[in-house]
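Novice: My structure is below; once you've seen it, I'll send some questions.
The values are calculated or read from the model by the stated rules, or taken from the named source; none is laboratory data. Small disclaimer: the values here were computed from a predicted structure and weren't measured. Please note: Cβ atoms are built from the backbone with ideal geometry, for glycine as well, and neighbour counts cover all protein chains shown. Calculation scope for accessible area: heavy atoms of the full protein, side chains included, ligands and nucleic acids excluded. Shrake-Rupley method; radii C 1.70, N 1.55, O 1.52, S 1.80 Å.
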Amino acid sequence: LTAMYASMDQMGRQVQGRYVAVLTPHGTGFAVLGMTTPEQMTQLKATVDQVAGSVRAQAPQVNQQAVAALAGKWMYYAGRADGVTSSSGGASNSHEEYVTFDGRGNYAWESSSSVMVTTPDYTSGSGSAGSASQNSDQGTYTVIGSTLVTKGRQGQMTFELQLQGDRFSADGRVYLKTN
């Protein structure tokens, strides 16, 4: 993938750029961006193309210990409830996620969320409304260094992984082992 850019710098001078992205057969990539004045663009273009053409990528190292350590069912929960009173009403919400890793590269994920609101109604009592939703996904996973990579029906996603015995955190959420 290549692109040429033309822009202005902070001083109002014209600048040009060359961007080259190289995708590897391993699902990784490398990008080179060079910016210069229009007079030097021909030389910069050749240099950026030469650097991008020299990239030799190896397959990423899978963290097999982390892949195996994730085996099992994990749960994330977030919720809150306010007490219901006749004068102020109340509200509650909850969100649960369960993810099961087989320890060999396959996962299944499901989530459910619900919200309930009760409002005071000074003429005929109170009213309430609620909503619930569910979602799920399944596919494959791997761990590269400390990055969890999932590929499922909802696409590929990456999360910074911190694994600590019976809990792990990913995407700022702490999951606890359930079995």
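Novice: Can you name the residue in the range 1-38 that is closer than 25 Å to GLN58 by Cα, assigned to a strand (DSSP E or B) and open to solvent by 100 Å² or more (accessible area, probe 1.4 Å) and, of all such residues, is modelled with the highest pLDDT?
Specialist: LEU33
Listed here are the residues, each with its yes/no results for (1) in a strand (DSSP E or B); (2) open to solvent by less than 40 Å² (accessible area, probe 1.4 Å).
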| position | (1), (2) |
| --- | --- |
| GLN65 | no, no |
| TYR107 | yes, yes |
| THR118 | yes, yes |
| SER133 | yes, no |
| TYR141 | yes, yes |
| MET157 | yes, no |
| GLN162 | yes, no |
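Novice: For the range 60-80, which residues satisfy the criterion of being under 21 Å from GLY127 (Cβ atoms) and free of Cβ contacts under 8 Å to residues at least 12 places away in the same chain?
Specialist: The answer is none; no residue qualifies.
Novice: Counting only residues that are of a type outside the set (Gly, Ala, Ser), touching a Gly at 6+ places or on another chain (Cβ under 9 Å) and either modelled with pLDDT of 95 or more or under 14 Å from ASN106 (Cα atoms) (or both), how many does the range 132-160 have?
Specialist: 10
Novice: When the range 67-94 is examined, which residues are found to be among the aromatic types (Phe, Trp, Tyr) and open to solvent by 70 Å² or more (accessible area, probe 1.4 Å)?
Specialist: Across the range 67-94, the qualifying residue is only TYR77.
Novice: Still on this model: Residue by residue through the range 48-63, note down the ones that are more than 17 Å from LEU23 (Cα to Cα) and either surrounded by 16 or more Cβ atoms within 10 Å (Cβ to Cβ) or modelled with pLDDT of 95 or more (or both).
Specialist: Residue satisfying the conditions is ASN63 alone.
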